[in-house]
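> First, the structure itself, so that you have it in front of you.
The values are calculated or read from the model by the stated rules, or taken from the named source; none is laboratory data. Values in this document were obtained by computation on a predicted structure and should not be read as measured data. Here Cβ is always computed from backbone atoms with ideal geometry, including for glycine, and neighbour counts include all displayed protein chains.
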Amino acid sequence: MASSYTFADPRLAKLDGFQVEIDEARERADIVLNRPPFNIVSMPQRDQLRLVFETLDEDARVRVIVVRAVGEHFSSGGNIAGFLAATPEHVSKLAWNIAAPARCAKPVIVANRGYCFGVGFELSLACDFRIASETTLYALPEQKLGQIPGSGGSARLQKMVGITRTKDIVMRSKRISGKQALEWGLATECVADADLEKATDKLVDELRTFSPLAQRTAKKLLNDTEDSTLAIAIELEGHCYSRLRQSEDFKEGVEAFDQKRPPKFIGR
């Protein structure tokens, strides 16, 4: 049973446009965008989202983090008026705040449906797993405002789908369906809208069956070697493999395999 998450940090005493729920039995925390109908993301909300990810990263009760939204749209983007009011110093932090899911050591799943535009898309791109419903439309529409994506969207997108497709999306403010996102490798899954929650629950339960230590190691290794040469990536993979070789979880995994039973990982 999920319950509201209580934060010790006074900056999170009143969350701006979203809520956080925790289900200790399932070792799961949900960050729920809750400013319907379009779940527009405010400037203060961006700072709070970063702090929330950092807090959940340190919480031993949480194995997996899910980002989802209330209503038929994930998010139509940021509060446009807020950009004109924000200082250049504040605007310079936008990408750092929205990159919080990628920096988080734990697996982060995002459940997308309906509009997933601007910062909504950029936040989703920073997550590890994107489950899209068939109603999902991804877009970076900043060109229509005489601007470009400012929270890592064009950079992450180019890494995932290449420069040609990225120019098509960014320079034309083109919308991409959930099905097309799956075909391009942007989405992990694309499911019927009615099955979005079920698919998310299933992935959470699957991720919980693995070693927390191995999951954290794999995520960091893949993030750190994304821009490296093949030789460096293989070298770092070897070091990570060697470190995990000494772990209690690896020993448990081998013993469970030999004994033909499910492993009981403890994260050490």
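> Determine which member of the set 52, 66, 32 is farther than 18 Å from residue 102 by Cβ, at pLDDT 95 or above and among the β-branched types (Val, Ile, Thr). Spell out how you get there, then give the answer.
On the way: 52 fails: farther than 18 Å from residue 102 by Cβ; 66 fails: farther than 18 Å from residue 102 by Cβ.
Testing whether each residue is farther than 18 Å from residue 102 by Cβ, at pLDDT 95 or above and among the β-branched types (Val, Ile, Thr) leaves just 32.
To keep it simple, each residue is scored yes or no on (1) surrounded by 12 or more Cβ atoms within 10 Å (Cβ to Cβ); (2) under 21 Å from residue 188 (Cα atoms); (3) at pLDDT below 95; (4) of a type in the set (D, E, K, R).
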{"site": "208", "(1), (2), (3), (4)": "yes, yes, no, yes"}
{"site": "212", "(1), (2), (3), (4)": "yes, yes, no, no"}
{"site": "218", "(1), (2), (3), (4)": "yes, yes, no, no"}
{"site": "224", "(1), (2), (3), (4)": "yes, yes, no, yes"}
{"site": "241", "(1), (2), (3), (4)": "yes, no, no, no"}
{"site": "250", "(1), (2), (3), (4)": "yes, no, no, no"}
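> While we're here: Can you name the residue in the stretch 5-60 that is out of contact with any Ser or Thr (no Cβ under 9 Å at 6 or more places or on another chain), over 19 Å from residue 109 (Cα atoms) and among the small types (Gly, Ala, Ser) and is also surrounded by the most Cβ atoms within 10 Å (Cβ to Cβ) among such residues?
Among those residues, the one meeting the criterion is 42.
> For the stretch 154-186, which residues satisfy the criterion of being of a type in the set (A, V, I, L, M, F, W, C), part of a helix (DSSP H, G or I) and in contact with a strand residue (DSSP E or B) (Cβ under 7 Å, 6 or more places away or on another chain)? Spell out the reasoning first.
Within the stretch 154-186, the first condition is being of a type in the set (A, V, I, L, M, F, W, C), and the residues that meet it are 155, 157, 160-161, 163, 169-171, 176, 181-182, 184, 186.
When the remaining residues are screened for being part of a helix (DSSP H, G or I), the result is 155, 157, 160-161, 163, 169-171, 181-182, 184.
Residues satisfying the conditions are 169, 181, 182.
> What number of residues within the stretch 25-65 satisfy the criterion of being under 22 Å from residue 215 (Cα atoms) and not in a helix (DSSP H, G or I)?
13
Yes/no matrix, rows are residues, columns are (1) assigned to a loop (DSSP other than H, G, I, E, B); (2) under 19 Å from residue 227 (Cα atoms):
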| site | (1), (2) |
| --- | --- |
| 81 | no, no |
| 90 | no, no |
| 101 | no, yes |
| 105 | yes, yes |
| 116 | no, no |
| 123 | no, no |
| 148 | yes, no |
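> Let me ask something else about it. Only residues in the stretch 69-81 that are over 16 Å from residue 133 (Cα atoms) count as the first member; pair them with residues that are of a type in the set (Val, Ile, Thr) and assigned to a strand (DSSP E or B), Cβ under 6 angstrom, at least 6 apart or cross-chain, and list the lot.
Listed pairs, sorted by first residue: 78/41.
> Separate question: All but one of (1) without any contact (Cβ under 8 Å) to a residue 60 or more places away in the chain; (2) within 20 Å of residue 216 (Cα to Cα) hold for residue 64, so report the exception by its number.
Checking residue 64 against (1) without any contact (Cβ under 8 Å) to a residue 60 or more places away in the chain; (2) within 20 Å of residue 216 (Cα to Cα), the one that fails is (1).
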